[in-house]
Structure formats: C-alpha cells, structure tokens
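Let me begin by presenting the structure, written as structure tokens, before commenting on it.
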Amino acid sequence: MHSRTQDQVLSWWELEYRDFPWRRTRDPWAILVSEFMLQQTQAQRVIPKYETFLRCYPNVLSCSQSTSGAVIELWSGLGYNRRAINLHATAQQIVNRHDGTIPASIDELRSLPGVGEYTARAILSFAFEVDVAVVDVNVKRVLCRYAGEYLSNKESQNIADKNLPLNDGWRWNQAMIELGATICTSRKVNCTTCPLRKACAWSKNLEDSDPALNPKQSPRESKPFQGSDRQGRGRFIEKLRERNVVSKEIGIIMGWPEDPTRCKKVLKGLIDDGLVVEKNKGEFSLPK
C-alpha cells in the first residue's frame with residue numbers, strides 16, 4: 001500500500017470518524033473494558049454500559065475487589081455474559097500477578113482470561129500507542145477486498161503488519177476498523193466514498209464473488225435467537241439479576257416448561273461457565 005493511499009485513509013478518518021468515549025482515552029483499564037464489551041456487541045449499545053461500568057469500577061483494583069456476580073449484574077443488556085466472568089477474572093489476575101498494572105506485552109496480555117491476539121494488540125495500540133497492527137473482522141474484510149482474494153488470519157496479519165505507518169499506529173488502526181465498520185461492511189459497500197477505492201481490487205470487479213468470504217467454507221446459516229439456548233441462558237441470568245431462583249421455576253423462566261432435559265443441559269452449561277452457582281440444594285444464584 002503506497003504512502004499516498006495511507007494518507008488518504010488517514011485524511012478520511014480525520015473527517016469521518018465516530019466519536020466514542022474509548023477513543024478519547026489512553027487509560028489501559030478503560031481500553032481493556034471497552035475491548036471486552038465490544039466483542040460481539042455494537043458500539044452504540046456499548047457506550048452507556050461502558051460509562052456506567054467505569055463509574056462503578058474506575059480502575060482494575062476496584063473491579064478485582066468486587067464479586068463476579070456483581071460484575072454480571074452490571075453487564076445486563078450486553079449479552080454474552082461469559083465476557084463479564086472473564087473481565088472480572090482478568091482484573092483479579094492483573095492485581096495478583098502484575099501488581100495491579102495492566103501489562104504492555106502481547107504474551108502477558110494473551111495470558112489473561114478472555115484476551116486473544118486481537119484484544120492484546122488492541123490494548124497495546126489503543127492504550128500504550130505501541131506500533132502494532134490490529135486485525136479484527138472489519139479490518140480483515142477490508143484487506144481481503146483490497147487484495148482481491150481471500151486471506152487467512154495469518155496472511156491478513158502479515159499484510160497489516162507490513163502496511164502499518166511508522167509512529168502512527170493508533171490512528172491507522174482506528175481508521176481501518178472504522179472503514180470496515182462503516183463503509184466496507186459485510187452487508188454492503190459504499191465504494192464511492194471509500195479512500196481505498198482507486199487501489200482496491202474488488203471495487204473494479206464488484207460482480208465477482210466477495211473476496212472476504214472463505215471459498216472453502218459453506219455460507220453459515222444464521223441461527224435464530226428466538227427459542228435458542230442462548231435466549232434461555234439470557235432469560236435465566238436476567239432473572240437472577242433480580243433474585244435467586246428455585247428448581248421448579250427454571251422451565252418457565254427459560255421458556256421451555258415442557259422440556260426439563262433441555263433446561264437441565266442449559267443450566268449445567270451456565271454452572272460450568274461460572275455464571276450460576278447452586279446456593280442451596282435446588283436454589284440458584286449469581287456467583288458471589
């Protein structure tokens with residue numbers, strides 16, 4: 001990618017970026033919280049939860065001294081509650097193993113619960129302004145379409161590494177994520193306003209199949225949320241945010257009063273994930 005193309009992307013970012021609170025800070029704890037919340041949740045939904053969470057837990061120590069149940073309660077509305085468990089466990093690990101200081105190396109960050117390659121790199125870039133390339137699903141999609149061919153995760157990361165502007169990683173990573181989230185989206189593209197359009201291989205052949213789709217994989221059929229195990233899990237956790245639940249209520253709360261086998265399986269999954277505990281025999285609560 002030529003430096004002129006990079007300049008066009010950065011110029012576009014300066015004019016078009018969305019103003020999110022996590023883009024106004026370099027506080028490692030705040031960035032870590034935002035990255036956990038942004039996993040599988042739209043940014044606009046995250047904003048109020050992020051601000052409320054940081055008011056309750058302004059630093060890693062305050063979160064580590066709380067309970068996992070309290071963190072789950074505060075997670076209401078974000079879904080994928082396992083992230084709350086991982087965030088609480090991460091806070092405790094940072095306090096116990098790193099003296100309360102969020103580490104600034106990929107290997108140490110990767111050792112934290114719920115922190116993968118992307119999240120580790122995002123924390124390094126967005127909190128510490130280390131020049132590392134960040135590749136999420138949005139960036140990978142942009143890179144595949146730009147190259148005109150499907151790229152593996154490793155290939156995408158290698159290309160991102162090579163194209164990272166020196167001493168400007170924070171802006172560049174934010175710009176590439178923004179590009180994939182707002183212009184080069186999974187459902188539609190707006191090539192006329194894209195700063196990469198002149199150099200993008202796919203923009204010249206939009207009739208061709210989307211290079212961002214893996215040709216070796218069949219298109220995934222999206223499973224409906226209505227009636228799913230995930231919906232039952234969510235209903236149960238939401239009720240536990242209000243009060244404890246006894247066994248005879250489980251089927252009604254989950255939505256399958258005539259299917260005790262399914263309820264038992266879903267409940268076991270919640271317990272195994274650390275989201276639910278059996279307080280007394282037949283009485284369930286959030287962990288304390």
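The values are calculated or read from the model by the stated rules, or taken from the named source; none is laboratory data. These numbers were taken from a predicted model, which means no experiment stands behind them. Every residue, glycine among them, receives a Cβ derived from its backbone with ideal geometry; neighbour counts consider all protein chains shown.
Criterion first (over 19 Å from the mean Cα position of the chain (by Cα), in the same structural domain as Thr119 (by TED's automatic domain parsing) and among the aliphatic types (A, V, I, L, M)) does Ala70 satisfy it? Yes; evaluated as a whole, the condition is true for this residue. So for the stretch 248-267 (the condition being within 25 Å of the chain's Cα centre (by Cα) and either modelled with pLDDT of 95 or more or of a type outside the set (Asp, Glu) (or both)), does at least one residue qualify? Yes, some residue in the stretch 248-267 is within 25 Å of the chain's Cα centre (by Cα) and either modelled with pLDDT of 95 or more or of a type outside the set (Asp, Glu) (or both). Looking for something at pLDDT 95 or above, in a helix (DSSP H, G or I) and surrounded by 15 or more Cβ atoms within 10 Å (Cβ to Cβ) - is there at least one such residue anywhere in the stretch 160-167? Yes - at least one qualifying residue is present in the stretch 160-167. Could you grab me the full set of residues in the stretch 97-137 that are assigned to a helix (DSSP H, G or I), in contact with a Gly (Cβ under 8 Å, 6 or more places away or on another chain) and surrounded by fewer than 19 Cβ atoms within 10 Å (Cβ to Cβ)? Result: Arg110, Val137. Condition first: under 16 Å from Gly232 (Cβ atoms), without any contact (Cβ under 8 Å) to a residue 60 or more places away in the chain and not in a helix (DSSP H, G or I). Now tell me which residues in the stretch 247-288 satisfy that. Across the stretch 247-288, the qualifying residues are Gly255, Trp256, Pro257, Glu258, Asp259, Val276, Phe284. Checked against the criterion of being touching a Leu at 6+ places or on another chain (Cβ under 8 Å), under 28 Å from Val189 (Cα atoms) and either of a type in the set (Asp, Glu) or touching a residue at least 12 places away in the same chain (Cβ under 8 Å) (or both), the candidates Val142, Val130, Val134, Val115 yield just one match: Val142. Among the residues of the stretch 183-193, is there at least one that is surrounded by 14 or more Cβ atoms within 10 Å (Cβ to Cβ) and more than 21 Å from the chain's Cα centre (by Cα)? Checked the stretch 183-193: at least one residue is surrounded by 14 or more Cβ atoms within 10 Å (Cβ to Cβ) and more than 21 Å from the chain's Cα centre (by Cα).
Among the numbered conditions (1) over 28 Å from Leu74 (Cα atoms); (2) part of a helix (DSSP H, G or I), the only one that Gly232 does not meet is (1).
Within the set Ala104, Ala160, Ala120, the sole residue that is closer than 18 Å to Cys194 by Cβ and among the aliphatic types (A, V, I, L, M) turns out to be Ala160.
Which is outside the structural domain of Leu267 (by TED's automatic domain parsing) and in contact with a Phe, Trp or Tyr (Cβ under 6 Å, 6 or more places away or on another chain), of Ala160, Ala84, Ala120? After applying the criteria, what remains is Ala84.
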